[in-house]
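Notes to accompany the following structure.
The values are calculated or read from the model by the stated rules, or taken from the named source; none is laboratory data. Quick caveat: nothing in here was measured; it's all calculated off a predicted structure. Neighbour counts are summed over all protein chains in view; Cβ atoms, including those assigned to glycine, are modelled from backbone coordinates with ideal geometry. SASA here: full protein model, heavy atoms, side chains in, ligands and nucleic acids out. Shrake-Rupley method; radii C 1.70, N 1.55, O 1.52, S 1.80 Å.
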Amino acid sequence: MAIMYALKSSDNEIFEVEQKVIEQSETIKKMIEDGAATGEIPLQVSSKTLAKVLEWCKQRQHKTVENENDDNKGKRKKERDEDDDIKEWENKFSDELKADKDVLFDLLLASNYLDLPALLSFLCQLVADMVAGKMPEEIRRMFNIENDFTPEEEKAITAEHGWAFQP
Amino acid sequence: MEDEQNSWLDFRQENMFQILTPYEERDIYDKLAEKQRGGKFHVTKSKTIVGKSSVTDLPDEILFQILTKFPAEDLHDNIRFVCKRWHKLISSGCFISQHMQQNKSQLLIVTPVLLPCENRQVKQLEKHVKALDFNLNTAPIPRMAQQILSSFNGLILIHDREHRRQLHVVNLANKFSVTLPSCPSACEHVGCGTAITLDPSTSEYKIVHMFADGFGLEIFTLGCPDKAWKRIRGPFRVPEERPFNVEKFRWENPVCINGQFLHWSVGSDEYIVSMNISNEKWRRIHLPGNDRYRYRYDLLDIEGNLALFYKVSNTQIDVWVLEDYEKQGWIQRYSIMSESRIHGTRSLPEFRKLHAVTALEDGHLIMFRHQRGKHDLNDCYCLYDIKQRELKRSRMKIKRKTKFIHHKSSLLVCSRNEKLADKDLKVTV
């Protein structure tokens, strides 16, 4: 019988989760080890974001359990199929996040707060992929960033390097 | 407001030019790790994540991580112009070194083109498809990469085609460049050996050049005040010591391990000659094993270790790795035997005709050139997968005299004083 824990989001929603799933978060694992986690574990994360975090953790957990049960025979083929499945799942997961940027940044903050390095790295790559190859003006518009450079400063950075000779 | 402006400019001044070494990097890492340990949760814990966050709400640590995922070219051309905060992060030495560590190296394929003379095409190897063939990335690589001789930490050494005695050190991503004075040997850089190295004890990047051992090894230190090549004696004290025929032997680019240890094969069946760039001292490293045909070997850098591919017979290649430079400790890692299956051909290539040219996929895939008749324009290549223990013939058509150079793009820059002084010296391509 798996041990269950109750997580409470910042808007007071309760999530019942298996210990193994939630122990991926170093922050929560520590809370459990310290014995601070009796009853509900209150988290500074909204229910919408927490649901996403748990979706990620469950997928990860699923993957590791299956790998443990495998014997070597046919493992390679299975791995390949699994890789495809995971890719597909990750694509769906990232497409949803791309459509809703607010959730994306909440999730980034949450993965940092809950200490989930794999999720954090995945999300960082996702943001980078969204921005890659775009002009500065496009990026600013995309994320509502204010251009705080004066034209002189911008010129100064451009001049920092440039070919000393004609390539 | 003015203060803020000034401090920002000061920051830029301080961080514009710097040379980073593994030692400095470690120092910076420790600081970063400490900061993360101490402050990581503090940043977000103080604030409830309630939704509608934007990129400006992200703490520096997360933004830092996101920015390290970009290619150096993109960071230099676009990303650093977004806002001051991003620019400040990208310009920091800590960022430059972390970015360099995270980025994987790419393989540049430098193929000769017959006309015009000595012209070379550069293609970038992106990934292998089913281990048999390659996707060639056709993204434009600056044409000056055509004359690439060596690459390390994003800096490449190129040969000036017009002024044939001239060498330049260039970073293709941020367009940093330095022109080196002509070598004392007045070498025109055809049939000589060069490499970019890093001396971890002084944090200096050094260019080594070997034209003839009688003349000695020439070393140029980037950022040195006298801007002159230094000459140290060759590996042999007297001409009679040379294991090779001086008329026929040409020094090639050394196999450079971690930018610090240089290894040359000198046609000897007993030893190779090596140098630690930190103390600039020669030493002989004895070849492993006791067989008669020990001269039949190739040297390769596999993930920061010197590997020796010893062709025991036509059906066996032993792979040795140098574990300890000082103690000369070799260890045999594995053997490639001819029962390894081969695809795409009926017959196995004779192993003696295979030359290990480069390692791919974190050292799990070894690329061999299969020597064929002199009249073939293309060389044939085989790939050996270490995990699957399979030797496969590649379908790639690669011209003769093609060079493979591992290149990692970075935002590294060196001393400001090294900027081109003489405007008349231009590289024309």
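Some points to look at:
- Rounded FRET efficiency, nearest 0.05, which uses the C-beta distance separating A:E40 from B:H406 and R0 of 45 Å: 0.25
- Separation of the B:E350 and B:K248 label points, Cα + 7 Å toward Cβ, nm: 1.7
- Cut-off under 5 Å, modelled amide H: who pairs with B:R333 long-range: B:V319, B:W320, B:V321
- Residues whose placed amide H lies under 5 Å from that of A:Y5, excluding near-sequence neighbours: A:V17, A:E18, A:Q19
- Scaled to the globular estimate 2.2 N^0.38 Å, the Cα spread of region B:137-277, given as radius of gyration, is 1.07.
- Available extension along the chain between B:R395 and B:A212 is 62.1 nm, counting 0.36 nm per residue and deducting the alpha carbon span.
- Whole-percent carbon and sulfur share, accessible surface of region A:94-156, 1.4 Å: 50
- Between B:N378 and B:E162, the contour length at 0.36 nm per residue exceeds the Cα-Cα span by 74.9 nm.
- Solvent-accessible area of B:S54 with every protein chain in place, 1.4 Å probe, in Å² to the nearest 10: 40
- Over 29 Å apart at the Cα level, from the set A:K20/B:K387; A:K8/A:K58; B:K327/B:K392; B:K175/B:K206; B:K248/B:K281; A:K52/A:K87, are A:K20/B:K387; B:K327/B:K392.
- Placing a pseudo-label 7 Å from each Cα along the Cα-to-Cβ vector at B:S105 and B:Q371 gives an inter-label distance of 2.5 nm.
- Heavy atoms of B:M367: accessible area, 1.4 Å probe, square angstrom to 10: 0
- Charge dipole (debye, nearest 20) of region A:77-117; +1 at Cβ of Lys and Arg, -1 at Cβ of Asp and Glu: 80
- When the residues B:W282, B:W86 are ordered by accessible surface, computed with a 1.4 Å probe over the protein chains alone, the sequence from largest down reads B:W282, B:W86.
- Cleavage-rule hits, trypsin sites (Lys or Arg not before Pro), region B:142-229, DSSP coil, Cβ neighbours within 10 Å at most 11: none
- Neighbour net charge for B:S278 - beta-carbon separation under 13 angstrom, K R +1, D E -1: -1
- Heavy-atom accessible area buried between chains A and B is around 4800 Å² (1.4 Å probe, both sides summed).
- In this structure, A:M4 and A:E88 have a Cβ-Cβ separation that, at R0 = 25 Å, corresponds to a calculated FRET efficiency of about 0.30.
- Calculated FRET efficiency for the pair B:D324/B:S278, C-beta based, R₀ 22 Å, to 0.05: 0.90
- Comparing the full protein assembly with the isolated chain, the residues of region B:67-101 losing at least 40 square angstrom of accessible surface (1.4 Å probe) are B:K69, B:F70, B:N78, B:R80, B:F81, B:V82, B:C83, B:K84.
- Those GluC sites (Glu not before Pro) in region B:278-330 that DSSP places in a loop and that have at most 13 other beta carbons within 10 Å: B:E303, B:E326
- Under 5 Å, built H, 5+ apart or other chain: amide partners of B:A195: B:V208
- Peptide B:57-63, shielding by other chains (average Cβ, 10 Å cutoff): 4
- 3J(HN,Hα) couplings calculated from phi for region B:155-160 with the Karplus curve 6.51 cos²θ - 1.76 cosθ + 1.60 (θ = phi - 60°) are, in sequence order, 8, 10, 9, 10, 9, 6 Hz; Gly and Pro show x.
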